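Structure first, commentary second.
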Amino acid sequence: MEYLTDLITTVPEGTSPIKVDELRAAELAKAGHLVRLWRPPLGPGEWRSIGLFRATDETELREVLTSFPLHIWMKITITPLTPHPNDPEYRAHQAMDHPQA
């Protein structure tokens, strides 16, 4: 299943930039379920990402997201996604699964 995530990271004031860089590097290495990642327009000092993840279910996705080292400073919104009947990929799969005679 696919999930749209909105990840807002707020690093506490006074946190060492070196510590933040170490955590960010470790986080990227753990992004195994990540399909796509976008950066919306940001305000000053704002860290925000919108991600498309794949996971068996929301429980698995939450396990993945809580494994991120920066999770301690993240506010995460998860939106489960279901295929739209007009999505080209969904329609292609339907045509393959149900060929017309």
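The values are calculated or read from the model by the stated rules, or taken from the named source; none is laboratory data. Bear in mind that the values here come from a model prediction, so they are computed numbers and not experimental data. When we count neighbours, we look across all protein chains shown, and the Cβ atoms used for this are built from the backbone with ideal geometry, even at glycine. When the accessible area is computed, the model is the full protein with side chains, heavy atoms only, and any ligands, DNA or RNA have been set aside. Shrake-Rupley method; radii C 1.70, N 1.55, O 1.52, S 1.80 Å.
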With the dipole of the chain worked out from charges on the C-beta (+1 for Lys and Arg, -1 for Asp and Glu) around the Cα centre, which of Thr66, His93, Pro17 lies farthest toward the positive end? Pro17
Taking only Cα atoms of the chain, radius of gyration then Dmax in Å: 17.3, 67
Taking the Cβ-Cβ separation of Thr77 and Ile18 as r and a Förster radius of 41 Å, what is the calculated FRET efficiency to the nearest 0.05? 0.90
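Work out the length of the dipole vector of the chain about its Cα centre, built from +1 on the beta-carbon of each Lys and Arg and -1 on the beta-carbon of each Asp and Glu, and round it to the nearest 20 debye. Could the numbers behind the result be given before it?
Working: 10 positive and 14 negative charges, 47 e Å.
So the dipole magnitude of the chain works out to roughly 220 debye.
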Label model pair Met96, Thr66: point-to-point distance (7 angstrom along the Cα→beta-carbon line) in nm is 3.5 nm
Whole-percent carbon and sulfur contribution to the accessible surface of the chain (1.4 Å, no ligands, DNA or RNA) stands at 56 percent
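State in Å² the accessible area per residue of the chain; use a 1.4 Å probe, count heavy atoms of protein chains only, and round to the nearest integer.
On a per-residue basis, the chain sits at 71 Å².
Is the shape of the stretch 40-80 rounded, prolate or oblate, going by the alpha carbon gyration tensor and its root eigenvalues a ≥ b ≥ c, with a/c under 1.5 for rounded and a/b larger than b/c for prolate?
Details: a/c = 3.07, a/b = 1.67, b/c = 1.83.
Oblate, since a/c reaches 1.5 and b/c is not below a/b.
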Sites removed, the longest contiguous part of the chain containing no DSSP-loop GluC sites (Glu not before Pro) with at most 13 other Cβ within 10 Å is 47-101
